[in-house]
Amino acid sequence: MPDTNESIEALAQQEYKHGWVSHVDADQLPPGLNEDIVHAISAKKHEPEWLTEWRLRAFRHWLTMREPEWQKPKYPKIDYQGIIYYSAPKKKPEVSSLDEVDPELLETFEKLGISLDEQKRLSGVAVDAVFDSVSVKTTFREELSKQGIIFCSFSEAVTDHPELVKKYLGSVVPYTDNYFATLNSAVFSDGSFCYIPPGVRCPMELSTYFRINSAGTGQFERTLLIADEGAYVSYLEGCTAPQRDENQLHAAVVELVALKGAHIKYSTVQNWYPGDKDGKGGVYNFVTKRGMASENAKISWTQVETGSAITWKYPSCVLKGDNSVGEFYSVALTRDRQMADTGTKMIHIGKNTKSTIVSKGISAGHADQTYRGLVKIMKGATGARNYSVCDSLLIGGTCGAHTTPYIESANPTAVVEHEASTSKISDDQIFFLRQRGLSEEDAVSMIVNGFCKDVLSELPMEFAVEAQKLLGVKLEGAVG
Amino acid sequence: MTATTENGFAPTYAALRKALPQEPGWLSELREEAFENFRALGLPTVKHEEWRWTSLKSIAGNQWAPAAPARISEADLKPYLLADDEIRLVFVNGHFAENLCKLPPLPEGLVVQPISRMLDSEEALQLKLGRYAAYTSPFTALNTALFTDGAYIRAGNGLALETPVHVLYVSTDGNGPAESSTRTLVFAGESVELRVVESFVGLGSAPRFVNSVSEIVAKGNAKIRHAKLLREGDATSHVGHNEVHVERDASVTSHCICLGAGLARNDVHAVLAAEGAECVLNGLVLGRGSQHFDNHIEVDHVRPHGRSRQLYRAVVDDKSRSVFSGKVIVRPGANGTDAQQQNNNLLLSDDAKVDTKPQLEIYTDDVKCSHGATSGQLDRDAIFFLRSRGLNEQTARNLLTYAFANDVIEQIRIEPLKQALEAQLAERFHGLLDG
């Protein structure tokens with residue numbers, strides 16, 4: 001089909017929409033990693049001694065660890081000494097209103113389509129925007145604080161609420177957890193912090209936008225979200241990165257703490273720069289995300305992964321308390337030379353714990369995608385229940401889709417079910433839609449959206465629209 | 001992998017080389033090379049992804065002497081036989097036991113012989129031992145270096161045989177830990193229909209390490225029905241590799257029935273090497289005591305229009321464990337592949353454990369692949385239904401467990417084996433059926 005080939009060409013040459021660089025003077029540390037750098041980062045952020053110590057412990061532990069090699073996507077060795085571990089816009093805006101923010105920064109956000117102004121007025125979403133490593137502006141904080149909700153950058157939390165940070169930092173993802181989480185623990189620059197007091201239902205969707213801007217900087221942000229007893233919060237995270245030829249490392253850590261009866265809903269739309277069509281450049285998205293659910297608590301992860309050269313992450317739930325619930329909904333779309341190795345871990349510890357996994361993978365071009373997940377039923381998890389479904393859709397004869405679920409069950413009353421299927425978009429489906437007058441592209445887009453519906457419907461409204469558009473754009477002409 | 005354990009087998013190898021009769025040069029070279037490979041690979045540990053749920057401490061922790069030839073009587077063997085008219089080869093402790101064999105006049109074109117007797121014949125060249133089972137994995141390498149004997153079964157073009165060929169590998173009791181390694185070669189020529197059963201039987205309670213490798217090759221349009229039946233003793237560690245090679249429009253069915261062994265690991269590697277090849281791999285684990293069964297399957301769809309099916313079921317009681325890892329690979333260009341994989345596990349006791357990892361690895365888009373895995377206990381509604389029909393709880397449970405396991409047995413197309421297993425299954429739950 002010559003038509004389709006042309007549209008594939010067109011698509012392949014389509015530039016990354018968010019591929020511009022903002023020229024904001026950055027305050028940087030020299031590249032490299034040693035104890036001095038860890039000290040320097042800590043000093044720049046005026047951190048208390050215990051945190052500096054914690055970073056150093058992590059760093060020393062990191063030195064003893066080996067980079068993992070078991071994952072499916074292979075990548076050239078990362079030069080950890082070549083990374084700039086701290087980069088902040090030089091003018092740290094101390095602002096009370098948006099007018100005082102560096103105009104170029106504002107423009108940056110406008111290009112991204114998340115103008116703070118716009119968001120503030122129209123959607124009532126509070127945004128904590130992380131520009132490189134320092135949180136620039138937090139909106140709606142005052143309104144939130146009336147209810148006792150703390151939503152601020154991580155460094156502010158360290159200064160203003162050290163007791164909370166000290167109590168929960170590393171409680172879900174200890175600094176010894178894994179290679180990248182340990183690295184993050186040593187050098188994390190900033191991130192978001194959120195605390196919802198007991199019984200409070202957060203009145204709006206909280207949101208953070210991440211962007212990697214300066215060349216050669218790794219982004220090591222850290223998110224700590226605590227929902228106290230009976231609280232509810234829905235948190236959105238969106239990521240874009242400008243075009244760069246070097247691979248950029250993004251090794252974030254997200255920790256969720258859901259205390260008794262709390263409910264955390266965490267949604268991600270990830271659209272980092274995926275590299276060009278030959279696989280040059282792009283972001284390495286190696287993220288550790290984990291939530292700890294106490295009694296009757298619920299943690300729900302929803303992710304739409306369309307970007308990054310390599311996505312490698314397993315948002316997980318530790319279902320510690322009885323009757324706790326974990327959910328994982330994921331759409332991963334890879335094309336060109338993108339690679340993804342993603343999935344989830346559900347650790348059932350408490351009685352009557354429940355988990356649901358719905359994963360949809362779409363692979364096109366030369367992309368390679370792996371679902372890897374673990375459902376672990378501990379001996380004491382009487383009455384535990386898991387249901388997993390992982391479907392893959394293949395577009396074109398050169399892509400790959402793999403499914404590797406691990407199931408470990410040590411309790412006879414637990415019921416674990418897993419099913420997976422892999423197939424291409426059937427010619428019959430396309431034919432049917434075509435004879436109804438839809439173009440091939442629209443037909444594919446419609447089928448893919450239908451394929452992902454179970455997941456997209458879990459996203460909050462604003463994100464669902466963005467995600468659907470994103471999938472459409474990413475798929476244009478990808479069918480032959 | 002560790003580099004320390006492989007030396008544990010160096011004395012075994014040396015002893016074996018001394019004990020073996022004069023062998024042709026090519027075989028000695030093959031053994032040397034394979035042992036070198038094993039030395040380099042070492043024994044895998046739980047840190048190795050493919051062995052994460054199976055610890056080999058029982059193998060690594062012992063010094064294994066080559067099992068000595070022993071004599072057993074026909075009466076000892078009686079409970080393990082399938083049918084009177086079967087074609088039977090028996091090996092005791094890895095050595096050919098001619099007095100126990102049953103080799104009626106065979107149809108033309110069929111050769112059933114111990115490997116040891118084939119080495120000097122003209123066919124030795126055709127044997128090409130290790131041609132299909134590459135000795136790049138530790139236990140296959142070790143087997144190639146240490147095997148003493150095994151069955152050689154070859155059927156010429158067009159032969160169809162209903163009578164199964166039953167190969168029994170028997171381990172006897174003895175003093176101290178002993179090792180035996182055997183090899184089975186099954187070649188089916190074009191349009192052949194052949195049935196082969198491999199039985200592994202343990203008669204004693206001394207620690208044994210049994211390492212078996214089977215190479216099964218089906219040429220164009222051939223049909224092979226194969227089964228491996230494990231009835232080893234509780235102190236036996238059994239490691240087996242089953243290499244299946246399927247050519248154009250041929251079909252291989254292989255059942256692995258695990259009833260006895262302290263630790264058993266079965267690897268099946270099936271290559272669908274030509275268009276339209278088919279492969280059905282099924283398995284059943286009935287675990288009790290502290291048995292540990294590990295089934296590892298890899299089906300490799302190399303060419304288009306292949307079809308593969310897997311159904312593995314495990315019933316684990318007491319402290320037993322069942323591990324399943326199944327992988328379906330669809331290579332680039334293997335369009336029209338149809339692959340299904342199913343693993344179901346039934347846990348009967350609080351201390352039983354199940355680990356499973358069904359995997360799909362797919363590199364082309366025109367495929368129909370699916371897999372499913374479940375783990376749990378008996379359906380309460382089903383029990384309730386049976387109880388409402390007047391069955392007591394225990395009987396209801398046994399009936400359902402029997403049905404669960406029998407789904408696998410039912411698919412066996414080797415009649416005497418199927419009947420024997422059905423009887424055995426009924427017996428296992430018989431005492432309870434009375435209750």
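Things worth noting here:
- Subset of region B:177-222 that is under 18 Å from B:N62 (Cα atoms) and in contact with a Phe, Trp or Tyr (Cβ under 7 Å, 6 or more places away or on another chain) - its residue that is surrounded by the fewest Cβ atoms within 10 Å (Cβ to Cβ): B:P177
- Restricting region A:347-366 to residues that are among the charged types (D, E, K, R) and part of a strand (DSSP E or B), the residue that is farthest from the chain's Cα centre (by Cα): A:K354
- When B:V280 is tested against (1) at pLDDT 95 or above; (2) surrounded by fewer than 24 Cβ atoms within 10 Å (Cβ to Cβ); (3) assigned by TED's automatic domain parsing to the domain that holds B:R208, only condition (3) is not met.
- Scanning region B:329-351 for residues that are surrounded by fewer than 23 Cβ atoms within 10 Å (Cβ to Cβ) and either within 7 Å of another protein chain (Cβ to nearest Cβ) or not in a strand (DSSP E or B) (or both) yields a total of 9.
- Note on region B:225-325: enclosed strands (runs of 3 or more DSSP E) holding 2 or more residues that are within 17 Å of B:P358 (Cα to Cα) are B:263-272, B:278-287, B:292-301, B:307-316.
- Which numbered condition B:D365 fails, given (1) under 26 Å from B:W51 (Cβ atoms); (2) within 7 Å of chain A (Cβ to nearest Cβ): (1)
The rows are residues; the columns are (1) modelled with pLDDT under 90; (2) farther than 24 Å from B:P104 by Cα; (3) of a type in the set (D, E, K, R).
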position: B:S28; (1), (2), (3): yes, yes, no
position: B:F35; (1), (2), (3): no, yes, no
position: B:F38; (1), (2), (3): no, yes, no
position: B:H48; (1), (2), (3): yes, yes, no
position: B:K57; (1), (2), (3): yes, yes, yes
position: B:A65; (1), (2), (3): yes, yes, no
position: B:D85; (1), (2), (3): yes, no, yes
position: B:F91; (1), (2), (3): no, no, no
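- Evaluating B:V354 against the criteria (1) in a helix (DSSP H, G or I); (2) facing another protein chain (nearest Cβ under 7 Å) leaves one unmet condition, (1).
- Out of A:S330, A:S308, one residue alone is at positive phi and either surrounded by 24 or more Cβ atoms within 10 Å (Cβ to Cβ) or part of a strand (DSSP E or B) (or both). It is A:S308.
- From B:S205, B:S180, B:S191, residue being in a strand (DSSP E or B) and in contact (Cβ under 8 Å) with a residue 24 or more places away in the chain: B:S180
- Of all residues in region B:364-387, those satisfying the criterion of being assigned to a helix (DSSP H, G or I) and either among the aliphatic types (A, V, I, L, M) or farther than 17 Å from B:A403 by Cβ (or both) are B:A382, B:I383, B:L386.
- Just one of the listed residues (B:G326, B:G390, B:G376) is surrounded by 22 or more Cβ atoms within 10 Å (Cβ to Cβ) and more than 10 Å from chain A (Cβ to nearest Cβ), and it is B:G326.
The values are calculated or read from the model by the stated rules, or taken from the named source; none is laboratory data. Keep in mind the model is a prediction, meaning the values are calculated, not measured. A quick note on method: Cβ atoms are made from the backbone with ideal geometry, for glycine too, and the neighbour counts reach across all protein chains shown.
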